[in-house]
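The structure appears right after this line, and notes come after that.
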Amino acid sequence: MSSMIQFISDFVKRGGILVTLSTFLGKFMMAFLSIAVIRFVTIDEYADIAYILSFFAILAVFSGAGGNYSLLRFGAITKSIIERKDYYYYTLKKGIKYALTLSILSSSTFWFFSNDNHLIFLFVIMSLALVTYYMLDVMRSYFRIIDINKMFAKINVYFALVAFLLTVCLTWFFSTYGYIVALALSPIIVFMIFKKHIGHSSSSVVDIDKKSFWSYGIHTSVSAIANQIIFSIAPLLIAYLSDDKDQIAFFKVATIIPFNVLTLPGILMQTDFTVLARNSRSHKFLLDYYLNYLKIVGPLSIVGFFLTIYFGQEIVTFIFGDDYKSIVYMYQIFMFSTFFAYLLRNPIGNIFLAIGKANWNGYITYFFCALYILLSLLLYSKYDVYSIVYSLAVVFIFSGLVSLFVFLYYLASLKTYNE
């Protein structure tokens, strides 16, 4: 019990409460925003939004080549504050070039393969968000590596409010176009507000292993939002396998609550990322950290998920309306599989990122994404759209078990090394 109390005390001292509350507010506002948009637009219009956002979620993995994650990792283990600022400007400038290149290439490719002018225009606007979101993420990473969690929390609050107000207003007047424009503009508005708090770089030359820096970023980008990638592939699979456009909207709505709930374990890790990075070779610290996480999150998860699954019908109809009452079973399956991700895949995956083993996360993600697509295709003739739902549940549970096995193997190697 004393170790858990110490764990909570250290978390509070590191500014964990501020980070947790601000990040939770951001997630809550984004979830509430999704619900509001569903109420504003028709099912067909939301299907278009869901389709475009699926592309965005996948492309965002590679936007800026994961420089924001590399900055977080390499900056955390750098003792010099001056070097950390140099890393920030290097990551920002280089990553923007990568993001712009991806934006141009993806827009050109989409225009070449699609003849729907409405979707093409939405996609082009959305591609600009690859740059703006990257810029804001790099800024947030910088304030984390210099241990100013108060500023990081402040950015989260501002972004939640700006995104919510801008999206509601523009969606109300311009429907789907307004939603996507707000998506692209919100990050850059917040970035410009806080830019003055960083100051200028002291040097134009950064002494860093660039290959390791960017390699870590790519692996981390993929693994950090592994669950988001899996959720985002689904609408594309549905569009490929089914002629019923409404199925995309139904699937996307069914994932809104599970997906936003799924990100909550990462909130704890956001505060402790630098601490985990600096203790990456300590068997005792890492094992105690994970066990204390389970002691705190485990009981809360059991109660929370039981209630949200048991009252699934009431929750879905109250939040999304009677038009979406057919998704209750789908929603319940997602919540069930999310419970396992809460205890296994998410916390362990975040620990891997902090200790510099992003490639392990990447390999697990690559394998299970491929398995997910394969299972969905093989089972589609028998289970229709639910083949994708069942496959997702299988992948969430088993990827968590594999992550646990790899983590225990790493701890065993550390124990031998420390001895």
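At a glance:
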{"read-out": "Residue that is outside the structural domain of residue 218 (by TED's automatic domain parsing), surrounded by fewer than 23 Cβ atoms within 10 Å (Cβ to Cβ) and in a helix (DSSP H, G or I), where the choices are 392, 374", "value": "374"}
{"read-out": "Residue match in the stretch 39-46 (condition: within 24 Å of residue 197 (Cα to Cα) and surrounded by fewer than 23 Cβ atoms within 10 Å (Cβ to Cβ))", "value": "no"}
{"read-out": "Test for residue 381: is it surrounded by 15 or more Cβ atoms within 10 Å (Cβ to Cβ) and without any contact (Cβ under 8 Å) to a residue 60 or more places away in the chain", "value": "no"}
{"read-out": "Hey, residue 404 at pLDDT 90 or above and over 30 Å from residue 247 (Cα atoms) or not", "value": "yes"}
{"read-out": "Filtered residues of the stretch 354-388 (kept if of a type in the set (D, E, K, R) and on the phi > 0 side of the Ramachandran plot)", "value": "384"}
{"read-out": "Some residue of the stretch 58-78 being more than 20 Å from the chain's Cα centre (by Cα), free of Cβ contacts under 8 Å to residues at least 40 places away in the same chain and not in a helix (DSSP H, G or I)", "value": "no"}
{"read-out": "The stretch 340-359 residues that are free of Cβ contacts under 8 Å to residues at least 60 places away in the same chain, paired with ones that are buried (at least 22 other Cβ atoms within 10 Å of the Cβ) (beta carbon under 6 Å, 6 or more apart)", "value": "348/403; 348/407"}
{"read-out": "Verdict on residue 183 being buried (at least 21 other Cβ atoms within 10 Å of the Cβ), of a type in the set (A, V, I, L, M, F, W, C) and either more than 23 Å from the chain's Cα centre (by Cα) or part of a helix (DSSP H, G or I) (or both)", "value": "yes"}
{"read-out": "Residue among 139, 135, 126 that alone is part of a helix (DSSP H, G or I) and either without any contact (Cβ under 8 Å) to a residue 12 or more places away in the chain or within 16 Å of residue 81 (Cα to Cα) (or both)", "value": "139"}
{"read-out": "Filter result for the condition that a residue is surrounded by fewer than 23 Cβ atoms within 10 Å (Cβ to Cβ) and either outside the structural domain of residue 291 (by TED's automatic domain parsing) or in contact (Cβ under 8 Å) with a residue 12 or more places away in the chain (or both), over 398, 311", "value": "398"}
{"read-out": "Check on residue 285, part of a helix (DSSP H, G or I), closer than 20 Å to residue 390 by Cβ and not β-branched (Val, Ile, Thr)", "value": "no"}
{"read-out": "Failed condition for residue 134, given (1) touching a helix residue (DSSP H, G or I) at 6+ places or on another chain (Cβ under 9 Å); (2) modelled with pLDDT under 85; (3) aromatic (Phe, Trp, Tyr)", "value": "(2)"}
{"read-out": "Meets criteria (surrounded by 15 or more Cβ atoms within 10 Å (Cβ to Cβ) and modelled with pLDDT under 65) for residue 15", "value": "yes"}
{"read-out": "Residue check for residue 370: farther than 25 Å from residue 257 by Cβ and out of contact with any helix residue (DSSP H, G or I) (no Cβ under 9 Å at 6 or more places or on another chain)", "value": "yes"}
{"read-out": "Which numbered condition residue 387 fails, given (1) in contact (Cβ under 8 Å) with a residue 40 or more places away in the chain; (2) crowded, with 19+ Cβ neighbours inside 10 Å; (3) closer than 23 Å to residue 58 by Cβ", "value": "(1)"}
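Residues are listed down the side, and each one gets a yes or a no for (1) among the aliphatic types (A, V, I, L, M); (2) surrounded by 21 or more Cβ atoms within 10 Å (Cβ to Cβ); (3) assigned by TED's automatic domain parsing to the domain that holds residue 210; (4) over 22 Å from the mean Cα position of the chain (by Cα):
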position: 89; (1), (2), (3), (4): no, no, yes, yes
position: 110; (1), (2), (3), (4): no, no, yes, yes
position: 117; (1), (2), (3), (4): no, no, yes, yes
position: 133; (1), (2), (3), (4): no, yes, yes, no
position: 139; (1), (2), (3), (4): yes, yes, yes, no
position: 142; (1), (2), (3), (4): no, yes, yes, no
position: 145; (1), (2), (3), (4): yes, yes, yes, no
position: 164; (1), (2), (3), (4): no, no, yes, no
position: 170; (1), (2), (3), (4): yes, no, yes, yes
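For (1) among the hydroxyl-bearing types (Ser, Thr, Tyr); (2) at pLDDT below 80; (3) in the same structural domain as residue 155 (by TED's automatic domain parsing); (4) buried (at least 19 other Cβ atoms within 10 Å of the Cβ), each residue gets a yes or a no:
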position	(1), (2), (3), (4)
196	no, no, yes, no
218	no, yes, yes, yes
229	no, yes, no, yes
274	yes, yes, no, yes
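Let's see how each residue does on (1) buried (at least 19 other Cβ atoms within 10 Å of the Cβ); (2) out of contact with any Phe, Trp or Tyr (no Cβ under 6 Å at 6 or more places or on another chain); (3) modelled with pLDDT of 80 or more:
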{"site": "256", "(1), (2), (3)": "yes, yes, no"}
{"site": "297", "(1), (2), (3)": "no, yes, yes"}
{"site": "300", "(1), (2), (3)": "no, yes, yes"}
{"site": "339", "(1), (2), (3)": "yes, no, yes"}
{"site": "368", "(1), (2), (3)": "yes, yes, yes"}
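The values are calculated or read from the model by the stated rules, or taken from the named source; none is laboratory data. The model shown is predicted, which means the values in this text are computed figures rather than measured ones. Because the Cβ atoms are built from the backbone with ideal geometry, glycine has one as well, and the counts that use them run over all protein chains shown.
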